[in-house]
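Note sheet for the following structure.
Read the figures in this text as sums done on the coordinates, not as results from a lab. Keep in mind it's a predicted model, so treat the numbers as computed, not measured. Every residue, glycine as well, gets a Cβ built from its backbone with ideal geometry; the counts of neighbours run over all protein chains shown.
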Amino acid sequence: MERRERGADPDGDDGSGKLGIQSVEIGMQLLATLVEHAFDHPPPMLKTLAAQAGMPAAKAHRYIVSLMRSRLVERDALTGRYRLGPMARLIGLRAVQSLDVVRLGAGRLPAISADLGFSVTLSVWAPEGPTVVANETVRRPITIGTRLGEVMPIVTSATGQVFGAWLPETLTRAQIAREIANGAQDQLEGLFARVRRTGLGVSAGGLNPTINALSAPILDTDGRLLAALSSLGPVEQFDVHVDGPLAARLKHHAAALSRALRPAAPGHARVHGERDG
């Protein structure tokens, strides 16, 4: 237990009548600082985390050791830098899966997959980027699907294009910059405008030369993006034409999910704001 300043309540009463454990709160403060650096390449050093958390490096190190033992933080053995650990990633995934859009959408994926005849996924925006939180894989001679927790690129995946088209640029800029040269970022506005106009992200062998994919947005009452409903299949069988029957069925299912979520969306299920402009 950390030593308290003279006059502090040893039971951790913050004045509200509720007791707490100061050492846990300090550890979470350090973890929150690490979350802010989740996109940093390379990840932060201990001195950076300690300075931003407002504590001496020696004190921060003690807490980091405990966070590592809890698998909330992990340390790169070669660089000595820190990043979120597997338990932190699992907590984030479970938190996302508790959202209305995920619970409702995941329950409908089997029926949607059966209607389309192809594998389908549901993805939401997480700290790492567009993340698959539910999936339904069609059994075929060659099974094509996506792993839970997989982070999709914004530029080359149909799923990512939906997030690039509907989310504010402030959220997506860092990931896009890692995917393409800075000089090419301005050219993406045409791609995202087309995605918004057609209502579909499209990947024709872009992420994998043997796989095609389509993705449609799930939106709240104000047109704000909640999630992306995507489908994928073999290039020789999966039609990616935005005016084709497969595209129409996918958009139909995404629109149905949007309508089903709208009564609960205000103040609860919204994830991110509509893209600026």
| task | Would you please name the chymotrypsin sites (Phe, Trp or Tyr not before Pro) within segment 30-133 that are DSSP coil residues with at most 16 other C-beta atoms within 10 Å of their C-beta? | result | 39
| remark: Diffing segment 53-60: the Karplus 3J(HN,Hα) column from phi (6.51, -1.76, 1.60, θ = phi - 60°), in whole Hz with x for Gly and Pro, holds 7, x, 9, x, 4, 5, 5, 4
| task | For residue 119, list long-range residues whose amide hydrogen, built 1.01 Å from N in the peptide plane, is under 5 Å from its own amide hydrogen. | result | 138, 232
| field | Added length on full extension, which subtracts the Cα-Cα distance from 0.36 nm per residue, residue 111 to residue 187 | value | 23.6 nm
| For residue 227, distant residues with modelled amide H under 5 Å away | 218
| task | Find how much the distance from residue 262 to residue 196 grows on full extension, using 0.36 nm per residue of separation minus their present alpha carbon separation; answer in nm with one decimal. | result | 21.8 nm
| Between residue 147 and residue 35, 0.36 nm times their residue separation minus their Cα-Cα distance comes to what? | 38.0 nm
